[in-house]
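What follows is a single structure, written as structure tokens, with notes after it.
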């Protein structure tokens with residue numbers, strides 16, 4: 001069994017490899033239009049833990065992969081994650097001025113450039129999938145981030161946690177659709193948001209490693225089960241740290257128990273890979289223990 005120190009070293013090493021590859025695949029900030037490329041790079045770097053692309057690499061290794069041929073595809077996963085963060089921070093969404101301890105992309109570059117930077121990162125991701133991946137990867141990721149994936153989860157998050165203030169059409173005016181945040185979603189809505197806005201991209205990131213390696217449907221489904229439950233655990237721990245979401249609905253103790261159960265379900269499905277899945281197991285355990 002891999003120790004906590006070993007898995008932290010593994011994550012640190014993979015993060016450095018991924019960051020180098022991200023830098024390679026992003027246009028230079030000196031390339032026209034400079035404002036757009038600067039915004040893209042600002043949003044991608046220095047970045048967070050790179051957990052999604054690391055899961056892609058770890059799942060590839062669990063399936064027998066042993067080189068960095070999958071790196072461009074993993075970069076595509078991270079570009080998509082960054083695009084979702086840029087859009088999520090916009091005033092019309094969650095309206096966050098800060099991301100990872102510094103100004104969010106739209107506060108740094110303006111709403112117009114930030115919006116387009118997110119669009120460009122999403123497009124660049126699919127360019128990488130088409131050049132270095134295959135049609136099945138494109139299909140899997142498209143499903144995960146579409147109207148029944150992360151975008152659908154974002155919509156439910158908006159509608160479940162806010163109330164519109166309609167003011168009618170009078171005198172040729174359009175209705176005011178301003179939404180006031182603060183409402184708590186129902187249990188059904190919370191589950192939908194967790195599985196779609198958060199979980200869908202985790203599931204795709206993990207399955208992509210197996211798809212790239214070309215393993216059979218049984219192993220792909222096992223990876224998908226892991227990714228789905230990993231994403232749920234990740235969301236529950238997030239809510240515990242923020243005192244929000246599931247914590248407001250179920251309380252901290254039950255939420256932590258739910259996270260433990262979800263982590264157990266995630267690891268159970270990896271038995272088909274034997275010891276090769278040790279990295280995925282330890283990453284999952286590390287997420288369960290995280291406090292920041």
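Candidates in the range 2-47 are the residues that are loosely packed, with under 12 Cβ neighbours inside 10 Å and over 22 Å from the mean Cα position of the chain (by Cα); of these, the one that is farthest from residue 103 (Cα to Cα) is 3. Residues that are more than 28 Å from residue 69 (Cα to Cα) and either in contact with a strand residue (DSSP E or B) (Cβ under 6 Å, 6 or more places away or on another chain) or not in a helix (DSSP H, G or I) (or both) within the range 190-243 comprise just one, 243. Among the residues of this structure, residue 288 counts as one that is crowded, with 17+ Cβ neighbours inside 10 Å and touching a residue at least 40 places away in the same chain (Cβ under 8 Å). Against the numbered list (1) at pLDDT 95 or above; (2) assigned to a helix (DSSP H, G or I); (3) within 27 Å of residue 140 (Cα to Cα), residue 274 comes up short only at (1). Screening residue 181 on (1) farther than 24 Å from residue 45 by Cα; (2) modelled with pLDDT of 95 or more shows it passes everything except condition (2). State whether the residues of the range 2-23 include one that is farther than 20 Å from residue 136 by Cβ and not in a helix (DSSP H, G or I). Checking the range 2-23: at least one residue is farther than 20 Å from residue 136 by Cβ and not in a helix (DSSP H, G or I). Listed by position, the helices (runs of 4 or more DSSP H) inside the range 50-128 whose residues that are over 17 Å from the mean Cα position of the chain (by Cα) number at least 3 are 51-62, 105-109. Kindly indicate whether residue 247 is assigned to a helix (DSSP H, G or I) and either surrounded by fewer than 21 Cβ atoms within 10 Å (Cβ to Cβ) or touching a residue at least 60 places away in the same chain (Cβ under 8 Å) (or both). When the stated conditions are applied, residue 247 passes them. Step by step: first the residues of the range 190-200, then only those that are within 9 Å of the chain's Cα centre (by Cα) and surrounded by 24 or more Cβ atoms within 10 Å (Cβ to Cβ), then the one that is nearest to residue 244 (Cα to Cα). Which residue is that? Checked the range 190-200; the qualifying residue nearest to residue 244 (Cα to Cα) is 199.
The values are calculated or read from the model by the stated rules, or taken from the named source; none is laboratory data. Treat the numbers as computed from the prediction; the structure is a model and nothing was measured. Because the Cβ atoms are built from the backbone with ideal geometry, glycine has one as well, and the counts that use them run over all protein chains shown.
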